[in-house]
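The values are calculated or read from the model by the stated rules, or taken from the named source; none is laboratory data. What you see is a predicted model; the values in this text were computed from it and never measured. Because the Cβ atoms are built from the backbone with ideal geometry, glycine has one as well, and the counts that use them run over all protein chains shown. Only protein heavy atoms, including side chains, enter the accessible area calculation; ligands, DNA and RNA are left aside. Shrake-Rupley method; radii C 1.70, N 1.55, O 1.52, S 1.80 Å.
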Amino acid sequence: MTSLYLVLADATLITHVAFVLFVILGFFVILIGGALQWAWIRNSWFRALHLIGIVIVAGQSWFGIICPLTTLEMWFRRRAGAAAYEGSFIQYWLHELLYYDAPAWVFIAAYSAFGLLVFIAFFVFPPEFLRRKSRQPGDL
């Protein structure tokens, strides 16, 4: 059972990293795709999920809420009897990428600034559902 909890903890950490990459890399893909006029970056689902993702991250920082993925991962590790962030190669390196020490205000400022940039990009390169509303009858 211990190894199952460690696998679940690593899977949670991988999910966490994937979410972070989606939010960060997604923003740069939106900017590049907008500049190069890639139609798919205007996909309503992609853009809504991306905006919701950064709103959740920024909101958690403002309200001092620890990410549920972090909480879940630590719960799995404790259930396995493992010390936090000692163990597998994947666990160690993904941890090094995600967790670092800084005062809380640094995270609040960084997440808020990034969230503002994502919000601005939402209107500079609007998703399809915003573009449809702004079109007039007879527009191509």
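Here are a few things to note about the model shown:
- Pairs with Cβ under 7 Å, 6+ apart, first in the range 111-135 and over 12 Å from Phe27 (Cβ atoms) and modelled with pLDDT under 95, second open to solvent by less than 40 Å² (accessible area, probe 1.4 Å) and of a type in the set (Val, Ile, Thr): Tyr111/Val57
- Restricting the first member to the range 7-19 and to residues that are closer than 20 Å to Ile54 by Cβ, and the second to residues that are open to solvent by 20 Å² or more (accessible area, probe 1.4 Å) and outside any helix (DSSP H, G or I), the beta-carbon pairs closer than 8 Å and six or more apart or on different chains are His16/Cys67.
- Enumeration of residues in the range 46-67 that are part of a loop (DSSP other than H, G, I, E, B) and either open to solvent by less than 60 Å² (accessible area, probe 1.4 Å) or touching a Cys at 6+ places or on another chain (Cβ under 9 Å) (or both): Cys67
- In the range 1-45, the residues that are in a helix (DSSP H, G or I), open to solvent by 50 Å² or more (accessible area, probe 1.4 Å) and under 13 Å from Ala80 (Cβ atoms): Thr2, Ser3, Leu4, Leu6, Val7, Leu8
- Restricting attention to the range 56-74, the residues that are among the hydrophobic types (A, V, I, L, M, F, W, C) and farther than 17 Å from Val17 by Cα add up to 3.
- Qualifying residue in the range 81-89 (condition: at pLDDT below 75, under 23 Å from Ser3 (Cβ atoms), of a type in the set (Ser, Thr, Tyr) and open to solvent by 70 Å² or more (accessible area, probe 1.4 Å)): no
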